[in-house]
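Input: a single structure, listed below in C-alpha cells.
The values are calculated or read from the model by the stated rules, or taken from the named source; none is laboratory data. Since we're looking at a predicted model, the values are computed, not measured. Cβ placement follows ideal geometry from the backbone for every residue including glycine, while neighbour counts extend to all protein chains displayed.
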Amino acid sequence: MLLTQKKYRTQRIIKILYKEITRIILYKLSNPNIGIITISKILISNDLHYVKVFVTSLDKNNINQINFSIKPLMKATNYIKYHINKHVLLKKVQHIMFLSDNSLLKNIKVINLIKNIKY
C-alpha cells in the first residue's frame, strides 16, 4: 500500500513539474534558439532533488539540431529552478538536467525504412 501511495505522489509531482516547466519555457524564457520543443518525459529522484527533463522537437530534422535547442535550456537552468522553487511547494529542486529524447526521430527512421521495403 505504501509503495502505491509513493508512486501516486511521484506521478502527481511529475505532472506539476511538467506544467510549471512548460509554463516557464513558453512565457518566461525569450530565447529564439530554443525553438519549438516538447517535454516528452520527466524523471525525478526519490528525494525530489534531481530532475531529468527529456525534450524533443518536432520542427528539427536531426539530433544535432535538437541538441542545439538544449544548450539554451541548460544555460537557463538556474532561472528555471528559481521559478520552480518559487511557485511549486516542494522540497527545493537542486538539479535540473535537460536531455534530448531521440526516440521520435528513431521511430520516423524505422517507419521510413519499412515503407521503402519492396516485396
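Points to keep in mind about this one:
- Put simply, of LEU43, LEU58 the only residue that is modelled with pLDDT of 85 or more and under 20 Å from SER103 (Cβ atoms) is LEU43.
- Within the range 87-108, the only residue that satisfies the criterion of being more than 16 Å from ILE39 (Cβ to Cβ) and either among the acidic types (Asp, Glu) or at pLDDT 85 or above (or both) is HIS95.
- Scanning the range 78-99 for residues that are among the polar types (S, T, N, Q) and more than 19 Å from ILE14 (Cβ to Cβ) gives a single hit, ASN78.
- Flag for ILE111 being modelled with pLDDT of 80 or more, aliphatic (A, V, I, L, M) and loosely packed, with under 11 Cβ neighbours inside 10 Å: yes
- The set of residues from the range 79-90 being in contact with a strand residue (DSSP E or B) (Cβ under 9 Å, 6 or more places away or on another chain) and not aliphatic (A, V, I, L, M) comprises just one member, LYS81.
- Taken as a whole, the condition of being closer than 30 Å to THR4 by Cβ, surrounded by 12 or more Cβ atoms within 10 Å (Cβ to Cβ) and modelled with pLDDT of 85 or more does not apply to ILE80.
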